[in-house]
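So the structure is just underneath, and the comments pick up after that.
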Amino acid sequence: MTILDGKLVAAELEEQMGKEILSLKEKTGKVPGLTVIIVGEDPASQIYVRNKDRMAASLGVNSHIIRMSEDVGEAAIIAEINRLNNDDDVDAVLVQLPLPARYDTWKILDYLDPSKDVDRFHPANIGMISVNRTKIYPCTPFGILKILERYNINLSGKHAVVVGRSFIVGKPMAAMLTNLDATVTLCHSKTSNLGEIIRQGDVVVAAIGKPGFVTADMVKDGAILIDVGMNYLESEADVMALCEEDQIKKFRKRGYGITGDIHKDAFKKSSYYTPVPGGVGLTTVTMLMYNTIQLFKQRRGIS
Ligand code: NDP
């Protein structure tokens, strides 16, 4: 049972990226530029955007945040996207999701220039993943790929079971694993015999949003378990039943514990697993910076 250490992978990638940004600056006189548009006051989104800005600053990425009020209107958001599409100093644009409910997310994302779409949610980029014609992927599944690469885990011929079909995690993950020659089953809330299917997985990726959902009896011995879930628990009974020891201690100090979608007892049967926290979550923002650098290079024809 080996822990796939997201913190280590993120730190190694960040060190490489810091060096690469310096070398790109020497070569071109410019540094990669990332602009984030945030609409409304959603507290979780505000924290995510702050974290992104902080990491960008620490790596030397030229980062800007454009804050718009919730009632700014669709036309103003689209006008801002168009302005950034045409700004040569901006390599990467991210519209922080979720947008307030009144907006049509897909309609707004359609206006992003696909070559500046750093999250890779534009339909043109989703299509490029499906036909295996890109090396830039949505940040959360891309981080998972980097973790698996770092630990030399070869996916060819393995049966990968992905639970959750969101466009942020599950769907791109399934396409990426297919491109890596895994045999993929993508499950969701309407899947019948879910336990039976998960038990067939040599690799299981859980992106559901339900604490401890994948239990020990659902996984086969030696499976590689990738836990994307990030669940905050406030009830002591839940924390005691579902969290690892360190989170139980933290709960006593701060009143909540964090756990993933895979039950802690399931990890004991695995060959490799990503812990929560300390796994996938730590590579997501790192990959946003990685993608910003890739877009900078792609726009300038640098390989
Ligand atoms: P969504 O809510 O968008 O999708 C959840 C998916 O889980 C859906 O496809 C849903 O199926 C499926 N699902 C729900 N209940 C069941 C069930 N009983 N059986 C099988 N499948 C089920 O979530 P996200 O993909 O955005 O996020 C998933 C989790 O990952 C969350 O905990 C989130 O916080 C975390 N996350 C973590 C990130 C990180 O960086 N670590 C980044 C992004 C997310 P259906 O489509 O049928 O409704």
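The values are calculated or read from the model by the stated rules, or taken from the named source; none is laboratory data. Please read all numbers here as calculations on a predicted model, not as lab measurements. Note: ideal-geometry Cβ built from the backbone for every residue, glycine included; neighbour counts use all protein chains shown.
Residues that are assigned to a helix (DSSP H, G or I), of a type outside the set (D, E, K, R), out of contact with any Lys or Arg (no Cβ under 7 Å at 6 or more places or on another chain) and at pLDDT 95 or above within segment 259-283 comprise 266, 267, listed in sequence order.
Among the residues of segment 201-215 satisfying the criterion of being more than 7 Å from the ligand (Cβ to nearest atom) and either modelled with pLDDT under 95 or farther than 16 Å from residue 168 by Cβ (or both), which is farthest from the chain's Cα centre (by Cα)?
215
Checking the condition within 16 Å of the ligand (Cβ to nearest atom), surrounded by 15 or more Cβ atoms within 10 Å (Cβ to Cβ) and among the polar types (S, T, N, Q), which residue from 193, 291 passes?
Within the list 193, 291, the selection yields 291.
Counting only strands (runs of 3 or more DSSP E) that fall entirely inside segment 1-101 and contain at least 1 residues that are under 24 Å from the mean Cα position of the chain (by Cα), more than 30 Å from residue 153 (Cα to Cα) and free of Cβ contacts under 8 Å to residues at least 40 places away in the same chain, the qualifying elements are 62-68. For the structure I just gave you, tell me whether residue 198 is touching a residue at least 40 places away in the same chain (Cβ under 8 Å), crowded, with 21+ Cβ neighbours inside 10 Å and near the ligand (Cβ under 10 Å from one of its atoms). No; evaluated as a whole, the condition is false for this residue.
Which residue is nearest to the ligand (Cβ to nearest atom), if the candidates are limited to segment 217-237 and must be surrounded by fewer than 17 Cβ atoms within 10 Å (Cβ to Cβ) and farther than 30 Å from residue 158 by Cα? Show your work before the answer.
We begin by selecting, within segment 217-237, every residue surrounded by fewer than 17 Cβ atoms within 10 Å (Cβ to Cβ); these are 217, 220-222, 232, 234-237.
Within this subset, residues satisfying the condition of being farther than 30 Å from residue 158 by Cα are 232, 234-237.
Numbers: 232: 9, 234: 15, 235: 17, 236: 21, 237: 20 Å.
My answer is 232.
Of all the criteria given as (1) within 16 Å of the ligand (Cβ to nearest atom); (2) more than 17 Å from the chain's Cα centre (by Cα), the one not satisfied by residue 281 is (2). Taken over segment 140-163, residues that are in a loop (DSSP other than H, G, I, E, B), out of contact with any Asp or Glu (no Cβ under 8 Å at 6 or more places or on another chain) and under 21 Å from residue 275 (Cβ atoms) amount to 3.
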